[in-house]
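The values are calculated or read from the model by the stated rules, or taken from the named source; none is laboratory data. Only a predicted model underlies this, so the values are computations on that prediction, with no experimental measurement involved. A quick note on method: Cβ atoms are made from the backbone with ideal geometry, for glycine too, and the neighbour counts reach across all protein chains shown.
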Amino acid sequence: MTIDWKSESSKVQKQLLKDLKSFVAVKSVRDDLNSSDDAPLGPGPRDGLYKFSEMTGRDKFQLKILKNVVGYLEYAPKGADDQYVAILAHVDVMPAGDGWETDPFKAVERSGKIFGRGTADDKGPGLAAYYGLKIVRDLNLPLKHRVRFILGSDEENDWTGVNYYFKNQPQPLLGFSPDADFPIINGEKALAQYELHFAGRNSGRLKLLNFQSGYRTNMVPGKAVAIIQGNDLDTFIGEFKNYLSGKTVLSGTASLEKDRLTITLEGKQAHGAWPEQGKNAGTYLAEFLKDFAFSENAKDFLNYLGTVAHQDPKGEKLGIASTDKVMGNLSMNVGIMHFIDQEDSFINLNIRFPKSTNNKQILEGLNSSKPKAMKEPFVNKGFVQEPHYVAPDDPLVRTLLDIYQKQTGEAAYDKVIGGGTFGRLMKRGVGYGALFPDAEATMHQANENFRIADLERATSIYAQAIYEIANLD
């Protein structure tokens, strides 16, 4: 049987693009402050699931939504057995953050790309995979196994939905997540969060009243704001201008009102798995402030962030660096920095580590390098995801690489990343696109975008991939 996958993909692109624009308009950001029994993760993630259900229902698929946190649809053609292969995507997105040139929740086409929050992570790739499944269904192709398309609504946080799914549903035989890179991601580093809590004490003549930077742990903060109280604050303004001069990526403002100075620093957002691609506004602002005459925990907070944790993407200054031949280097992102005078304050680190180290060793390293005056230790926040690896000779990996090479004519190779995808939930699970090697990665950044031509290429690859892996043993 010869199938022109590229031709079939071309036929659905107009509707796919229309769907993506309406999908981006759903602000599906987790919002715990507005959670309810009907919307456990806030209204946005729930609405994202129901928007997807609306689109799939139009196409005569039924999306079953469980607890309003996860959904799945199943394609079971005649002759398919009870086992299934899984495609796992997600409807939730990161907060928009700062620095956008357009409305992040109104998709805009420009220069062959579509801009908007979720276009790359993961609404665009998720729709490409869905349309790949639709092509297989519409061609009535024979499959050995069923196919389930599973949609999480909390991938950017705690994986609440998919964890519920995997505890309460039959397990897949194998599968992939369209939430990564081509050619394939067959290995993922361990992933964990670490938090240090302390009282926001500083009683000197110069006081740090407030310091805020970071929306989410897995995002390099693009903005930081500090509020300072004291006398002779005029000197800060000139020195801040001097600090920014020569740092072309950074910008900022300083405004004085009576005895309070507000300093805002703009850096560059990036995905927390690749902190070196961003400019962490929080640690840069701390670097500027650390040499001023703050006292007690405020001084320790600024010195730790501005000296020890600043520009330390491999965790070398923190004493936690580690590497191995398969998974590469540990990565560390200072994701959230929160200081309020006389109140609970904290630092949150997002760390992805290879098999050459472990959670216990990282905790030991962090607690050895933290300020001694801060008595509480670093502790884990949430769960620790262990390293995940599928051997290159697994038929799943070989099949997907072969499809990529044949459709693109480009070299196909396996790869390990620091990012975490739903692929790791399956013993034989991988990340598979939709970011092509020559495309700019804009996930978690301002002006997130995806090349429109790549949506068509990805749809074609996904259609063939679903057909072939659903016929694997």
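The single condition among (1) in contact (Cβ under 8 Å) with a residue 40 or more places away in the chain; (2) more than 22 Å from residue 215 (Cα to Cα) that residue 264 does not satisfy is (2). Tally the residues that are of a type in the set (Val, Ile, Thr) and part of a loop (DSSP other than H, G, I, E, B), restricting the search to the range 48-75. Total meeting the criteria: 1. Within the range 164-183, can one find any residue that is surrounded by fewer than 24 Cβ atoms within 10 Å (Cβ to Cβ) and under 30 Å from residue 267 (Cβ atoms)? Within the range 164-183, one or more residues are surrounded by fewer than 24 Cβ atoms within 10 Å (Cβ to Cβ) and under 30 Å from residue 267 (Cβ atoms).
In the set (1) over 24 Å from the mean Cα position of the chain (by Cα); (2) in a loop (DSSP other than H, G, I, E, B); (3) buried (at least 16 other Cβ atoms within 10 Å of the Cβ), the condition left unmet by residue 410 is number (3). Cβ separations smaller than 6 Å between residues 6+ apart or across chains give the following pairs from the range 150-176 residues that are closer than 16 Å to residue 427 by Cβ to residues that are part of a loop (DSSP other than H, G, I, E, B) and hydroxyl-bearing (Ser, Thr, Tyr): 176/432. Against the conditions (1) among the small types (Gly, Ala, Ser); (2) in contact (Cβ under 8 Å) with a residue 12 or more places away in the chain; (3) not assigned by TED's automatic domain parsing to the domain that holds residue 299, residue 373 satisfies every one except (3). Look at the range 345-369: where a residue is within 15 Å of residue 388 (Cα to Cα) and a partner is modelled with pLDDT of 95 or more and of a type in the set (Lys, Arg), sitting 6+ places away or on another chain with Cβ atoms under 7 Å, you get 352/189; 353/189; 354/189.
Applying the set (1) in the same structural domain as residue 100 (by TED's automatic domain parsing); (2) of a type in the set (Asp, Glu); (3) surrounded by fewer than 16 Cβ atoms within 10 Å (Cβ to Cβ) to residue 456 leaves exactly one unmet item: (3).
Candidates in the range 1-15 are the residues that are among the hydrophobic types (A, V, I, L, M, F, W, C) and touching a Ser or Thr at 6+ places or on another chain (Cβ under 7 Å); of these, the one that is farthest from residue 120 (Cα to Cα) is 5.
In the set (1) touching a residue at least 60 places away in the same chain (Cβ under 8 Å); (2) farther than 26 Å from residue 189 by Cβ; (3) part of a helix (DSSP H, G or I); (4) in contact with a Leu (Cβ under 8 Å, 6 or more places away or on another chain), residue 288 fails one condition alone, (1). Applying the condition of being within 28 Å of the chain's Cα centre (by Cα) and at pLDDT 95 or above to the range 246-262 and asking which residue is surrounded by the fewest Cβ atoms within 10 Å (Cβ to Cβ) yields 251.
Exactly one residue out of 242, 280 is buried (at least 21 other Cβ atoms within 10 Å of the Cβ) and either at pLDDT below 95 or not acidic (Asp, Glu) (or both): that is 280. Only one of the numbered conditions (1) touching a residue at least 12 places away in the same chain (Cβ under 8 Å); (2) among the acidic types (Asp, Glu); (3) out of contact with any strand residue (DSSP E or B) (no Cβ under 6 Å at 6 or more places or on another chain) is violated by residue 32, and that is (1).
A quick yes/no check of all residues on (1) crowded, with 17+ Cβ neighbours inside 10 Å; (2) farther than 28 Å from residue 467 by Cα:
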| residue | (1), (2) |
| --- | --- |
| 5 | yes, no |
| 10 | no, no |
| 16 | yes, no |
| 31 | no, yes |
| 51 | yes, no |
| 55 | yes, no |
